[in-house]
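Comments concern the structure below.
The values are calculated or read from the model by the stated rules, or taken from the named source; none is laboratory data. It should be emphasised that the depicted structure is a prediction, and the values quoted were computed from it without experimental measurement. Quick reminder, even Gly has a Cβ in these numbers, built from the backbone with ideal geometry, and neighbours come from all protein chains shown.
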Amino acid sequence: MKPLEGCLVLDFSTLLPGPLATLLLAEAGAEVVTIARPGAGELPWLGQLNRGKQRLVLDLKEPRDRQRLKPLVERADVLVEQFRPGVMGRIGLGYDEVAAINPKIVYCSITGYGQHGPKSGVAGHDLNYIADTGLLSLSMGTPSNPVIPPALMADIAGGSYPAVINILLALRERDRTGRGRHLDVSMTDNLFTLMIGSPVITSGGARYRLYATKDGRMLAVGALEQKFWDAFCDIANLEPPLRDDARDPHATAARVAELVAGETAETWARRIAGRDCCCSIVTSVDEAMRDPHFVARGLFRHQVAREDGDVIPALPVPIDPAFRADP
């Protein structure tokens, strides 16, 4: 029996944070019913997030459809919504209205800026949230060459994961008290946690940096601790006077860049193989998916059968395999 079997989750969300959160609950055994608007499609790249869920199409502005929803609300354990504050209340499905029907429900609201505060009603997406919190300023490139991060940090690390954590905590609390609660998950609030250690990794020091190889690949050096730095210096044949990177960090980094640029990525891969130096060749996603390590871990063993008949690898999720169905 999976941990969340017997748990009913109503999902009113459509974009990434809510559907990913409820996918994680579904993978752990929850029954998830997605409430969809009539005629509403889904973004193709988000389709995997709805695997294993049921879909119920309702026009929540219509009293008859809201009445159809009531039996599900009465027996639901969790409700997840991702509208701006006040929207669910205007259609009679705010926390107070739902809790009056089902006081045991854990009601999770995921928003960009939270349920209250001057920005609570402001529209935004991931890029806006990381910009507003200062996180983007730490690694945004230059005005002539701006860099957009390759991961949706606010949506996932600020939204989906905190939502799941707090839903599980609230369910545990309900085991003791018999009552649910309203969870206010603000993606921007939760981004500040990600900035721990950022001065170290964004300071431009030689020990934590990307270096270009001779053939245009990149060597990722994360040799923060002294023993790893010593090992890397030996591998790179860095001259002893420059190994004390506290003396002149820029000179050390510049010389390491010259040394790395003198050899191909393949040569560096051979040099660092089997050595404790916290160095890696930057790979493509396709290369990573073929990496024998991830293959051995079974990361892409689960599959999804799409409506058009294609079978594709399922999006990996951070749920222990013991809690999931067989691939």
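Just checking, how many residues over the stretch 191-212 are hydrophobic (A, V, I, L, M, F, W, C), assigned to a helix (DSSP H, G or I) and surrounded by fewer than 18 Cβ atoms within 10 Å (Cβ to Cβ)? Summing the residues that are hydrophobic (A, V, I, L, M, F, W, C), assigned to a helix (DSSP H, G or I) and surrounded by fewer than 18 Cβ atoms within 10 Å (Cβ to Cβ) in the stretch 191-212 gives 5. Regarding the stretch 287-309, can at least one residue be identified that is surrounded by 11 or more Cβ atoms within 10 Å (Cβ to Cβ), in contact (Cβ under 8 Å) with a residue 12 or more places away in the chain and farther than 27 Å from VAL164 by Cβ? Scanning the stretch 287-309, I find no residue that is surrounded by 11 or more Cβ atoms within 10 Å (Cβ to Cβ), in contact (Cβ under 8 Å) with a residue 12 or more places away in the chain and farther than 27 Å from VAL164 by Cβ, so the answer is no. Inside the stretch 1-31, residues that are within 20 Å of the chain's Cα centre (by Cα), without any contact (Cβ under 8 Å) to a residue 40 or more places away in the chain and closer than 17 Å to LEU72 by Cβ make up a count of 1. The listed residues are ALA253, ALA236, and the only one of them that is farther than 29 Å from PRO3 by Cα, hydrophobic (A, V, I, L, M, F, W, C), surrounded by 12 or more Cβ atoms within 10 Å (Cβ to Cβ) and touching a Leu at 6+ places or on another chain (Cβ under 8 Å) turns out to be ALA236.
Being touching a residue at least 60 places away in the same chain (Cβ under 8 Å), surrounded by fewer than 17 Cβ atoms within 10 Å (Cβ to Cβ) and within 30 Å of ALA26 (Cβ to Cβ): is that true of ALA325 here? Here the answer is yes, as ALA325 does meet what is asked.
Each row is one residue, and each column tells you yes or no for (1) surrounded by fewer than 17 Cβ atoms within 10 Å (Cβ to Cβ); (2) among the basic types (Lys, Arg); (3) out of contact with any Lys or Arg (no Cβ under 7 Å at 6 or more places or on another chain); (4) more than 30 Å from MET1 (Cβ to Cβ).
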position: ALA21; (1), (2), (3), (4): no, no, yes, no
position: GLU27; (1), (2), (3), (4): no, no, no, no
position: PRO38; (1), (2), (3), (4): yes, no, yes, yes
position: LEU46; (1), (2), (3), (4): yes, no, yes, no
position: VAL73; (1), (2), (3), (4): no, no, yes, no
position: PHE83; (1), (2), (3), (4): no, no, yes, yes
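Considering the stretch 32-131, there are no qualifying helices (runs of 4 or more DSSP H) wholly inside with 3 or more residues that are farther than 16 Å from SER160 by Cβ, more than 25 Å from the chain's Cα centre (by Cα) and among the polar types (S, T, N, Q). If you go through the stretch 281-327 and pick out every residue that is modelled with pLDDT of 90 or more and assigned to a loop (DSSP other than H, G, I, E, B), you end up with 18.
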